[in-house]
Amino acid sequence: MEKTVKVERQKRSAILSQTVKTGIIKSNLVPMFAGLTLALYTYDIDPGTKLLDVVFALIGTILVIGAAGTLNNVYDRDIDAIMERTKSRPTVTGEIDTKFAITLAGIMAVLGIIALAFTTPLAALLGFLGLFFYVVPYTMWTKRRTIYNTEVGSISGAMPPLIGWAAMTGTLAHPAIAALFIIQVIWQMPHFYAIAIRRHDEYKAARIPMLPVVKGVKRTYTQTNIYLVLLSLTSFLFLPLSLGLTLVALLMNVGWLVLSIYGYKKNKDSEKWAKLLFIYSLIHMTILFSTVIVYSLVGIFILN
């Protein structure tokens, strides 16, 4: 009996996790903390005075992203049923009730924005904007209508570092946070283009106008490299703050561009090229934002 109850709890936990997209929540907490810690270091703020704000920023970010992911799952359940990688989502299989999921998303959104408001009004506004842009302009408007859906979705995807920074400072008036935001906006294009190439047939079947589906791999390759050149140039936004961060960003960004050009020429199979870019994109984000976090914490606790 006890074992049955435990299994049932694990099943419900798994259903809830898939509904709120915990994987996306976790991946977005890294850039959020990058923005948060960099703000503490840049403005020489004593972390001891901001512990409660850090907790509220963490809770608020988790809840807002979870709400956005849940609403996306609810709205997209018709096309999710067609795609192999999404057809087992609880909103598709009926393992979670649609009304319950919408209610859950609403509660998370309200509580998340309130939690962010306990830090600064700007953080709460950014949390709301991130949620709004992901659900309305991206999910409900552009995702099924235009090849530029990735560009539109990238706005909400780049909100976490802004939220972390604003939660500590109440302002965005510094080139360092502009660097984090712009880098994460541009990062999403080659990342999601790679996913779209690997899942080309699924997106085509679901009639989602991803760039590779509508314009082909060659156009996607060209556009990927354009974004990677722009991403390399954004490295210099770190220069007023740190030469070290600038060099790390430049190395990671140029490395991505080189890999794209070399991998495309070497691999006749576009899926292999896309897989290389996808894996590198994850390594890129982890190393770059982790470097920002470590740099900031070292500056806060050791150098000061």
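Screening the chain for whole DSSP H helices of 20 Å or more along their axis (Cα) with average Kyte-Doolittle hydropathy at least 0.0 returns 22-42, 51-75, 98-117, 175-198, 217-234, 243-266, 270-298. All Cα-Cα separations within the range 1-92 were binned at 5 Å from zero, giving a P(r) of 3, 12, 16, 16, 14, 12, 11, 8, 6, 3, 0, 0, each value a whole percent of the pairs. Projected label points at L230 and D97, each 7 Å from Cα along the beta carbon direction, are separated by 4.5 nanometres. Dividing the Cα radius of gyration of the range 66-133 by its Kirkwood radius returns 1.09 for Rg/Rh.
Computed over the alpha carbons of the chain, Rg followed by Dmax gives 19.9, 62 Å. Across every pair of non-identical alpha carbons in the range 34-174, the mean reciprocal distance, once inverted, gives a Kirkwood radius of 15.9 Å. Placing +1 on the Cβ of every Lys and Arg and -1 on the Cβ of every Asp and Glu, with no other charges, gives the range 198-281 a dipole of roughly 380 debye about its Cα centre. The magnitude of the dipole of the chain, with charges of +1 and -1 set on the Cβ of Lys/Arg and Asp/Glu and taken from the Cα centre, is near 1120 debye.
Please state the shape class of the range 128-214: rounded when a/c is under 1.5, otherwise prolate if a/b exceeds b/c and oblate if not, all from the C-alpha gyration tensor. Display every interim value, and only then the final one.
Values: a/c = 3.49, a/b = 2.08, b/c = 1.68.
Here the range 128-214 falls in the prolate category.
Given the peptides 276-282, 192-198, 147-153, arrange them by the average over their residues of other C-beta atoms within 10 Å, most packed first. All intermediate terms of the calculation are to be shown ahead of the outcome.
Numbers: 276-282: 17.6, 192-198: 22.6, 147-153: 19.3.
In descending order of packing, they fall as 192-198, 147-153, 276-282.
Taken about its Cα centre, the range 121-245 carries a charge dipole of roughly 560 debye when the Cβ of each Lys and Arg holds +1 and the Cβ of each Asp and Glu holds -1. I'd like the distance separating the alpha-carbon centroids of the range 178-204 and the range 240-264, in whole Å. Value for the Cα centre distance between the two parts: 17 Å.
Taking label points 7 Å from Cα along the Cα-to-Cβ direction, L111 and D46 give a separation of 3.3 nm. Adding -39500 (n - 2.57) for every DSSP H run of four residues or longer, then dividing by how many residues the chain holds, sets the calculated 222 nm ellipticity at -25000 deg cm²/dmol.
From the residues S154, A101, G130, which one has its Cα farthest along the dipole of the range 69-180 in the positive direction, the dipole being from +1 and -1 charges on Cβ of Lys/Arg and Asp/Glu about the Cα centre? Farthest towards the positive end: S154.
Calculation over all alpha carbon pairs of the range 182-304 in 5 angstrom steps from 0 returns a P(r) of 2, 11, 20, 21, 16, 11, 8, 5, 3, 2, 1, 0 percent.
Available extension along the chain between T286 and F301 is 3.2 nm, counting 0.36 nm per residue and deducting the alpha carbon span. Considering only F301, I208, Y262, the residue lying farthest towards the positive end of the dipole of the range 204-301 is I208, judged by Cα position with unit charges set on Cβ. Rg of the Cα atoms in the range 142-185, relative to 2.2 N^0.38 Å, amounts to 1.35.
Applying 1/(1 + (r/R0)^6) with R0 = 45 Å to the Cβ-Cβ distance of R145 and K11, what FRET efficiency is obtained, to the nearest 0.05? Intermediate values should be presented prior to the final figure.
Working: r = 36 Å, r/R0 = 0.81.
Computed FRET efficiency for R145 and K11 comes out at 0.80.
A simple spin-label model places pseudo-atoms 7 Å from Cα toward Cβ; at L239 and K266 they are separated by 3.1 nm.
Taking the centroid of alpha carbons for each part, the range 119-145 and the range 1-77 are 16 Å apart.
Considering only protein heavy atoms, what per residue accessible area in square angstrom results for the chain with a 1.4 angstrom probe?
Per residue, the chain has 48 Å² of solvent-accessible surface.
The values are calculated or read from the model by the stated rules, or taken from the named source; none is laboratory data. All of these numbers come straight from a predicted model, not from anything done at the bench. Every residue, glycine as well, gets a Cβ built from its backbone with ideal geometry; the counts of neighbours run over all protein chains shown. Quick note on the areas: whole protein, heavy atoms, side chains included, nothing else; ligands and nucleic acids left out. Shrake-Rupley method; radii C 1.70, N 1.55, O 1.52, S 1.80 Å.
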